[in-house]
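Student: Sharing a structure below in structure tokens format, with a few things to ask.
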Amino acid sequence: MMKKPTLIIGKRQMLLAGMTLVLGIAVYVNYAYSSSGADVKKTKVVKSNSVSYGEAELVSADSASEDYFSQVRIEKMNSRDEAVETLKSIIGGGDATTEEKAVAEENAQAMASLMESETKVESLVKAAGFQDCVVYLDGSNADIVVKTDSKGLQTSEAAQIKDILLSQVTVPNENIRIYDIDS
């Protein structure tokens, strides 16, 4: 013989029913106010007695090339920082083998050497009379971006930049690329 289910209304059921009823009333009231077309109350504008410390002045670069060099330097610095952090985590990590740590240390030293060489080449190219310069070295390739005047980069200037580069690093001639950006 099966028992007949009994309906027991407890405190939880009463609480849930009450909360559902309150939620239903809140939805109805919201709907009634939004559909009635009543305007939202407007407040008065508050005038403040603020002090002006000077006028704002928009400062912009003369051309997009200055922004380019700034942006490239920031991106280059960020990517190098990420690579350094990765190498540090490998070197300092407890689960890396001694061989992996040795390879990471060699990579870190190579990266530091490349960064130093990039900085030297950039400084020397600027000292040679170019307005701005960014150098990318990866061991076997060299990419140099130079800011030039409206005439562009002359063959003699490209040769001068190449000589500066080769005085600091050893890169095959076919792997050297020089780009110019008009100022």
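Student: Consider the range 164-183. How many of its residues are loosely packed, with under 14 Cβ neighbours inside 10 Å, closer than 22 Å to residue 69 by Cβ and acidic (Asp, Glu)?
Tutor: 1
Student: Can you list the strands (runs of 3 or more DSSP E) lying wholly within the range 88-183 that have 3 or more residues being among the aliphatic types (A, V, I, L, M) and under 26 Å from the mean Cα position of the chain (by Cα)?
Tutor: Numbers: elements: 132-137, 142-148, 176-182.
Fully inside the range 88-183 and qualifying: 132-137, 142-148.
Student: Still on this structure: Residue pairs, Cβ under 9 Å, 6 or more apart or interchain, first in the range 139-161 and on the phi < 0 side of the Ramachandran plot and surrounded by fewer than 13 Cβ atoms within 10 Å (Cβ to Cβ), second outside any helix (DSSP H, G or I) and of a type in the set (D, E, K, R). List them.
Tutor: Hits for this filter: 149/182; 150/182; 151/182.
Student: Hey, another quick one. Criterion first (farther than 30 Å from residue 181 by Cβ, of a type in the set (Gly, Ala, Ser), at pLDDT 70 or above and surrounded by 10 or more Cβ atoms within 10 Å (Cβ to Cβ)) does residue 18 satisfy it?
Tutor: Working: farther than 30 Å from residue 181 by Cβ: yes; of a type in the set (Gly, Ala, Ser): yes; at pLDDT 70 or above: yes; surrounded by 10 or more Cβ atoms within 10 Å (Cβ to Cβ): yes.
When the stated conditions are applied, residue 18 passes them.
Student: With the requirement that a residue be surrounded by 15 or more Cβ atoms within 10 Å (Cβ to Cβ) and of a type in the set (Lys, Arg), what does the range 66-82 give you?
Tutor: 76, 80
The values are calculated or read from the model by the stated rules, or taken from the named source; none is laboratory data. Computed from a prediction, not measured in an experiment: that's the story for all the values here. In this analysis, Cβ positions are derived from the backbone assuming ideal geometry, glycine residues included, and neighbour counts consider all displayed protein chains.
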